[in-house]
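A.B. asks: My questions will all concern the structure given below.
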């Protein structure tokens, strides 16, 4: 089956992604409530929204870094710009998220055009440093000079005396999409399991599917081919009559718009915007996500985003009490030892676990989690083809 | 009037006068070789044609238009393609994609925003690229990773990429450098074949006299940044000034 201008393989791929995204609230609740493993459930709205939002952020980042190889260390600036735009629209117009999201995408595009135009005059490490400098500059401006626009340290939020000219008598008093309120959820109890279907999550998920489809089209387009060519040999590209500058700038602006959209969705879930969203750690996080998942692959950034957000939220929740419960059956000495050891990897120290995993992936799977998946698939195929040799060999491996 | 007219070109790098007073005229539809000992300024001269270097003095006219100050991609779009000493190809892409990029550059110019078209649906580009690969006998390698090929094949691919643009002038910077004898002969045959099939002008920089005398119709000998002689291969072979430049005065 072919659909929406995609090849058969890509259509199947897209449909799988759509399916997985829609059933996420069920998939992420594999353990019944109250069981010892329930801590590892991730099917609550806040976290699922973050999966989708950071997925969008990483998909966009991958268009720049994965395709052209230009490593930006300043993408958090666009995230912040997106959030501020949305909150401003709440303050001026009302709680419908649509005007804010549109404004966020436009403003972050303009912002990316400016930063990209200057930064792309250099490549390699100098480009990274320039983008980092711009992002830190934006962060500091948001904190200090631009206080009238950003409300400085407190963060931008909606006050009762704001104009909100489009607010009617019965309009919802929290972010909504034409009446569908983001923080409302439907709950479903099946046996011991509880599934939460949150409006906000589905809103983010549908946006994520749309932008994933866009990135799929970009990957398969002549434009995407040129971006990949820039990564492998810019000299040859120039001597083939192609001007690499507008191509990289277009990629930079597109990925900036994705980041702006992600920032806008953050403020659509929670009507707040703070300068810390622009800090360099947030820029670094999306780099980690993309590399961990597999830069330059379609699925990689989404996997990486999910992986990091899962660890951030689940591992950081594990505390000493829970460790005591898990290891209670062991002899005392060993129990204390194991708890002491685990202590370094969970709770506030979850970064250590993430760091170790990141090292392992970079050393053993330079292509990220996607490469891991491909290796497993290959191993399974090889084993199967040993079983019924001739038949499996007729299928070309891709 | 030649297709490429070089007048009084000079280039200095600090204390080194790399080129001085170079005059050269490459006639349309000929193979023009530029030879000379190491450090004669051959590569510097070539870099002045493609926009990598800007000469300090003089002019370089292609097809009646000055190329000085233009960017490499602009000069390429005028009709000059270049083959590098070490093949420059898109190593991470497939052979087919490499050639398709040239076809896109020919059709769409230096930049075109086309994010919602699909490469596989561009029938004319796919056909052109397949035709080009058939012409250079590489069609069976079209799905290969370009970086994984032998050096000879990389050279052949680079040639195909340049030809796919249908350039009026093809510049070759030591196309057989570092190649084994068999590969060198293959390259010579390929170049001869290209010359027979198309209206194309070639300027070759080369060390290997075997290559030069098999292909060139005109030869310019460069020594210490200035052209010594320009003549047909027959006359160059026994020219005393050429021997002197290559072997030193004692010879």
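A.B. asks: For region A:2-46, what does the convex hull of the Cα positions come to per residue, in cubic angstrom? Mind showing how you got there, number by number?
C.D. replies: Details: hull volume 3.6 nm³, N = 45.
Cα convex hull per residue, to the nearest whole number: 81 Å³.
A.B. asks: On to the next question. How many Å³ per residue does the convex hull of the Cα positions in region A:315-365 occupy?
C.D. replies: In region A:315-365, the Cα convex hull volume per residue is 81 Å³.
A.B. asks: Can you give the extra length, in nm with one decimal, that the chain gains between residue B:56 and residue B:144 once fully stretched, where that is 0.36 nm per residue apart less the Cα-Cα distance?
C.D. replies: Numbers: separation 88, 0.36 × 88 = 31.68 nm, distance 4.34 nm.
Working it through step by step, the gained length comes to 27.3 nm.
A.B. asks: Residues in region A:46-73 near a label at residue A:102, defined as backbone nitrogen under 12 Å from the 7 Å Cα→Cβ point?
C.D. replies: Once the point is set 7 Å along Cα→Cβ of residue A:102, nothing inside region A:46-73 turns out to lie under 12 Å by backbone N.
A.B. asks: While we're on this one: Order by neighbour count: B:218, B:142, fewest other Cβ atoms within 10 Å first, most last. Show your work: numbers first, answer last.
C.D. replies: Numbers: B:218 20, B:142 17.
Exposure proxy ranking, most exposed first: B:142, B:218.
A.B. asks: Any number yet on Rg/Rh for region B:92-166, C-alpha, Kirkwood? Don't skip to the end; give the middle numbers.
C.D. replies: Working: Rg = 12.0 Å, Rh = 12.5 Å.
Rounded to two decimals, Rg/Rh equals 0.96.
A.B. asks: Could you work out how much longer the chain between residue B:116 and residue B:85 gets when fully extended? Use 0.36 nm per residue separation minus the Cα distance between them, nm to one decimal.
C.D. replies: Numbers: separation 31, 0.36 × 31 = 11.16 nm, distance 3.64 nm.
Extending this stretch completely gives an extra 7.5 nm.
A.B. asks: If R₀ is 35 angstrom, what is the calculated FRET efficiency for the pair residue B:229 and residue B:197, using the beta carbon separation as r and rounding to 0.05?
C.D. replies: Working: r = 31 Å, r/R0 = 0.88.
It comes out at approximately 0.70.
A.B. asks: Output the 0 to 90 degree angle, nearest 10, between the alpha-carbon long axis of helix B:151-164 and the longest principal axis computed from the alpha carbons of chain B.
C.D. replies: 80
A.B. asks: While we're on this one: Using a Gaussian network model of chain A with C-alpha springs under 10 Å, which one of A:74, A:82, A:372 is most mobile by mean-square fluctuation?
C.D. replies: Of A:74, A:82, A:372, the most mobile in the Gaussian network model is A:372.
A.B. asks: Given the Cα atoms of region A:41-121, and with Rh set as the inverse mean 1/r over their pairs in the Kirkwood sense, what is Rg to Rh to two decimals?
C.D. replies: Details: Rg = 14.7 Å, Rh = 14.2 Å.
In region A:41-121, Rg relative to Rh is 1.04.
A.B. asks: Which residue, A:57, A:13, A:307, tops the fluctuation ranking in a GNM of chain A built on C-alpha contacts under 10 Å?
C.D. replies: Comparing A:57, A:13, A:307 in a Gaussian network model of chain A, the most mobile one is A:13.
A.B. asks: I've got another one for you. Across region B:129-251, what fraction of all alpha-carbon pairs, as a whole percent, falls in each successive 10 Å bin from zero upward?
C.D. replies: Going out from 0 Å in 10 Å bins, region B:129-251 shows 11, 39, 30, 14, 5, 0 percent.
A.B. asks: For the protein assembly as shown, what is the calculated [θ] at 222 nm in deg cm²/dmol (nearest 500), taking -39500 (n - 2.57) for each run of four or more DSSP H residues and dividing by its residue count? Provide the component values of the computation, followed by the final result.
C.D. replies: Working: 26 runs with 348 residues, N = 649.
So the calculated ellipticity at 222 nm is -17000 deg cm²/dmol.
A.B. asks: Pairing the Cα long axis of helix B:181-197 with the longest principal axis of chain B, what angle in degrees results, from 0 to 90 and rounded to the nearest 10?
C.D. replies: 80
A.B. asks: Looking only at chain B, where both bridge partners belong to it, what percent of the DSSP beta bridges are antiparallel (to the nearest 5)?
C.D. replies: Working: 20 of 37 bridges.
Approximately 55 percent, going by the DSSP bridge assignments.
A.B. asks: Treating only the Cα positions of region A:246-398 as identical point scatterers, give the base-10 log of I(q)/I(0) from the Debye formula at each q in 0.15 Å⁻¹.
C.D. replies: -0.98
A.B. asks: What is the Cα convex hull volume of region B:6-122 when expressed per residue in Å³?
C.D. replies: Details: hull volume 18.3 nm³, N = 117.
Dividing the Cα hull volume of region B:6-122 by its residue count gives 157 Å³.
A.B. asks: Among B:202-212, A:251-261, A:333-343, what's the highest-first ranking by average C-beta atoms within 10 angstrom per residue?
C.D. replies: Working: B:202-212: 20.0, A:251-261: 27.9, A:333-343: 13.2.
With the highest mean Cβ count within 10 Å placed first, the list reads A:251-261, B:202-212, A:333-343.
A.B. asks: Here is a further query. Once you average over the residues of B:90-99, how many Cβ atoms of partner chains fall within 10 Å of each Cβ? Intermediate results must be reported in sequence, preceding the final value.
C.D. replies: Working: counts 11, 3, 7, 6, 0, 0, 0, 4, 5, 0.
That works out to 4 on average.
A.B. asks: Moving on to the next point. First measure r as the distance between the Cβ atoms of residue A:324 and residue B:74, then evaluate 1/(1 + (r/R0)^6) with R0 = 60 Å and state the FRET efficiency to the nearest 0.05.
C.D. replies: Values: r = 71 Å, r/R0 = 1.18.
That gives a FRET efficiency of 0.25.
A.B. asks: So, one more: Where both residues lie in the protein assembly as shown, what percent of DSSP beta bridges are antiparallel, nearest 5? Write out the running numbers ahead of the final one.
C.D. replies: Numbers: 30 of 48 bridges.
Antiparallel bridges make up about 60 percent of those DSSP assigns within the protein assembly as shown.
A.B. asks: Once you have the alpha carbon radius of gyration of region A:188-324, what is it after dividing by 2.2 N^0.38 Å, with N set to its residue count? Can you show the working numbers first?
C.D. replies: Working: Rg = 19.3 Å, N = 137, 2.2 N^0.38 = 14.3 Å.
That ratio works out to 1.35.
A.B. asks: Using just the C-alpha positions of chain B as equal point scatterers, what log10 of I(q)/I(0) does the Debye formula give at each q in 0.13, 0.15 1/Å?
C.D. replies: -0.84, -1.08
A.B. asks: Using a 10 Å cut-off on Cβ to Cβ distances, tally the other chain neighbours for every residue of A:223-234 and report the average as a whole number.
C.D. replies: Details: counts 9, 5, 9, 7, 1, 5, 9, 1, 3, 9, 9, 2.
Across A:223-234, the average partner-chain Cβ count within 10 Å equals 6.
A.B. asks: Efficiency by 1/(1 + (r/R0)^6): what FRET value for residue A:376 and residue A:144, r their Cβ-Cβ distance, R0 = 41 Å, to the nearest 0.05? Walk me through the numbers before you get to the answer.
C.D. replies: On the way: r = 50 Å, r/R0 = 1.22.
For residue A:376 and residue A:144, the calculated efficiency is 0.25.
A.B. asks: Within 10 Å of each residue's Cβ, count the other Cβ atoms and sort B:31, A:181, A:190 from fewest upward. Provide the component values of the computation, followed by the final result.
C.D. replies: Numbers: B:31 24, A:181 15, A:190 10.
Exposure proxy ranking, most exposed first: A:190, A:181, B:31.
A.B. asks: Ranking B:56, B:124 by Cβ neighbours within 10 Å, fewest first, what do you get? Walk me through the numbers on the way to the answer.
C.D. replies: Numbers: B:56 15, B:124 9.
Result, fewest neighbours first: B:124, B:56.
A.B. asks: Per residue of B:105-112, how many C-beta atoms from partner chains lie within 10 Å of its own C-beta, taken as a mean?
C.D. replies: On the way: counts 8, 2, 1, 4, 3, 9, 10, 6.
Whole-number average of other-chain Cβ neighbours for B:105-112 is 5.
A.B. asks: Please list, in order, the residues from region A:45-74 whose amide nitrogen is less than 19 Å from a point placed 7 Å along the Cα→Cβ vector of residue A:270.
C.D. replies: Of the residues in region A:45-74, A:45-58 have backbone N under 19 Å from the label point off residue A:270.
A.B. asks: Taking the convex hull of the Cα atoms, report for region A:102-257 its projected area averaged over all directions, in nm².
C.D. replies: Working: hull surface 59.5 nm².
Projected over every direction and averaged, the Cα hull of region A:102-257 covers 14.9 nm².
A.B. asks: Report the Stokes-Einstein translational diffusion coefficient (µm² s⁻¹, integer) for chain A, Rh taken as the Kirkwood radius over Cα pairs, at 25 °C with viscosity 0.890 mPa s. Show your work: numbers first, answer last.
C.D. replies: On the way: Rh = 22.9 Å.
Stokes-Einstein gives a translational diffusion coefficient of 107 µm²/s.
A.B. asks: Oh, and also: Specify the residue with the greatest mean-square fluctuation among B:87, B:115, B:227, computed from a Gaussian network of chain B linking alpha-carbon atoms under 10 Å apart.
C.D. replies: B:115
Quick note: the coordinates plus some simple rules give every number you see, no bench work behind them. It should be emphasised that the depicted structure is a prediction, and the values quoted were computed from it without experimental measurement. In this analysis, Cβ positions are derived from the backbone assuming ideal geometry, glycine residues included, and neighbour counts consider all displayed protein chains.
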